[in-house]
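**Q** The following block contains the structure, expressed as structure tokens.
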Amino acid sequence: QVQLVESGGGLVQAGRSLRLSCAASGRTFSSYSMGWFRQAPGQEREFVAAISKSGLNTYYADSVKGRFTISRDNAKNTVYLQMNSLKPEDTAVYYCAARDQGMSTMQTYDYWGQGTQVTVSS
């Protein structure tokens with residue numbers, strides 16, 4: 001069992017940056033692959049980025065590639081999402097998620113946080 005708590009969301013102007021954090025508690029953090037997903041109003045939740053248990057491998061949705069960076073600090077039990085050059089279409093609730101198996105772009109994660117709101121104004 002693992003509990004996930006996101007933070008770092010907020011209101012930001014287009015072109016600016018935000019860094020989201022997701023703190024994990026419970027079982028050994030390094031046992032989990034981690035992912036970030038987002039859900040905009042009226043839309044389905046979609047994959048954003050994923051990182052392997054070791055942090056050596058990452059994967060991104062095409063819509064954020066080159067702008068967002070996922071990273072993790074296993075000593076701090078935290079995964080991050082650095083978001084640069086934000087666009088209004090990045091506005092969504094962002095969720096972190098954990099799974100026992102390898103990283104995935106699918107929503108087949110075992111544990112989910114409550115989400116943090118990111119709003120990008122034009």
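The values are calculated or read from the model by the stated rules, or taken from the named source; none is laboratory data. In this text, all values refer to a predicted model and were calculated from it rather than measured experimentally. We place every Cβ from the backbone using ideal geometry, glycine too, and count neighbours over all the protein chains shown. Just so you know, the surface numbers come from the protein's heavy atoms only, side chains and all, with ligands and any DNA or RNA stripped out. Shrake-Rupley method; radii C 1.70, N 1.55, O 1.52, S 1.80 Å.
**Q** Using a 1.4 angstrom probe, figure out how much accessible area the chain has per residue, in square angstrom, rounded to the nearest whole.
**A** That works out to 50 Å² for each residue.
**Q** Mind listing the phi-derived Karplus ³J(HN,Hα) values for segment 79-84, rounded to whole Hz, using 6.51, -1.76 and 1.60 with θ = phi - 60°, and x for any glycine or proline?
**A** Result, ordered by residue: 10, 10, 9, 7, 10, 10 Hz.
**Q** Using a simple spin-label model with points 7 Å from Cα along the Cα→Cβ vector, what separation in nm is obtained for THR119 and ALA75?
**A** 3.8 nm
**Q** Modelling each spin label as a point 7 Å along the Cα-to-Cβ direction, I'd like the THR108/ASN57 distance in nm, to one decimal.
**A** Modelled inter-label distance: 1.4 nm.
**Q** For segment 44-122 and segment 1-35, what is the separation of their C-alpha centers, rounded to whole Å?
**A** Distance between centres, Cα-based: 8 Å.
**Q** Would you report the distance distribution of C-alpha pairs in segment 1-69 as whole percents per 10 angstrom bin, up to the bin with the largest distance?
**A** Per 10 Å bin, starting at zero, the Cα-Cα P(r) for segment 1-69 comes out as 16, 47, 31, 6 percent.
**Q** On to the next question. For the chain, restrict the atom set to alpha-carbon positions and state the Rg and Dmax in Å.
**A** Reported Rg and Dmax, both Å: 13.2, 41.
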